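A short write-up of the structure that comes next.
Just so it is clear, none of the values below were taken in a lab; they were calculated from the coordinates. These numbers were taken from a predicted model, which means no experiment stands behind them. A quick note on method: Cβ atoms are made from the backbone with ideal geometry, for glycine too, and the neighbour counts reach across all protein chains shown.
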Amino acid sequence: MLVDSHCHLEYKGLVEDQQGVLDRARQAGVHGFLNISTRQSEWDRVVGTAAREADVWASVGIHPHEADGHADLGETALLEAARHPKVIGIGETGLDYYYDKSERQVQQALFRTHINVARETGLPIIVHTRDAEEDTAAILREEMEKGAFPALIHCFTASADFARVVLDLGLTISISGIVTFKNAKDLQEVASWIPRDRLLVETDSPFLAPVPHRGKPCEPAFVAATAAFVADVRGETLGDLAEYTTQNFHALFRKAAA
């Protein structure tokens, strides 16, 4: 049994055949899905899918690309949305300096807003970071000093040094299909030594389809290919990795287990 800890079921490429997407994933051994939101206008749809499907959960949050359009979003809106019984995470949020689609100061301020909500609710914050390791690490350190909160780095592609920093802070790391790419040797090395109680797998579908599905819209079913690759890198069986990553998901996202 596997969990896709990060997918976008409302995005083009999945939403047109959402029921088929979920059925194919279940047939592939995936029996849990965290449906991620990236802007406030998506929240109702993301939560609605989770409310309809017993094995789907939802997050509420603002992607750093969307930060400029949500600069005035306060904690109240997130806190209210997080009360829904199927909302188990806050995000995705964080920093993206690769595209710089939003002002960096706005990204940083909104990131801290999400952290405050994660701290208050106890729901894990789902962190996106790209070309922003230093600032992401600094904000996480500063905020942890104010009070602990659960968190994970999703779709990890950063350096080994950054991995050690976030692990030292108590975070979990989620690996996507990028790990299967030929040019991902550094990521494969990191995936080989992440502690087994701090590891998750995901698709980030409809993006980043793993080998052997590259070139296709990614689906949650493909998390099985990523998991099999990571298990091989770690010298483990797929069954073992599936078991403990599923346990890790429910240990981190405790509201899902409840």
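Here are the numbers:
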read-out	value
Exposure proxy order (Cβ contacts within 10 Å, fewest to most) of T121, T136, T157, T226	T157, T121, T136, T226
Computed label-point distance, nm, for sites L79 and E103 using a 7 Å Cα→Cβ extension	2.6
For region 191-258 and region 13-53, distance of Cα centres in Å	17
Ascending count of other beta-carbon atoms within 10 Å, so fewest first, for V87, V106, V21	V106, V21, V87
Pairs from K101/K216; K12/K182; K182/K216 whose Cα-Cα separation, in the structure shown, is over 19 Å	K101/K216; K12/K182
Stretchable slack from R52 to E120, in nm (0.36 nm times residue separation minus alpha-carbon distance)	21.8 nm
Only Lys, Arg (+1) and Asp, Glu (-1) charged, at Cβ; the chain dipole about Cα centre in debye	480
In sequence order, calculated HN-Hα J values of region 45-59 (Karplus, 6.51, -1.76, 1.60; Hz; x Gly/Pro)	5, 4, 5, x, 4, 5, 5, 7, 10, 4, 9, 10, 10, 10, 10
Exposure proxy order (Cβ contacts within 10 Å, fewest to most) of W193, W57	W193, W57
For the chain: relative contact order, % (alpha-carbon pairs under 8 angstrom, 6 or more apart)	21
Residues with amide H under 5 Å from that of V201, placed H, sequence gap 5 or more	S5, I175
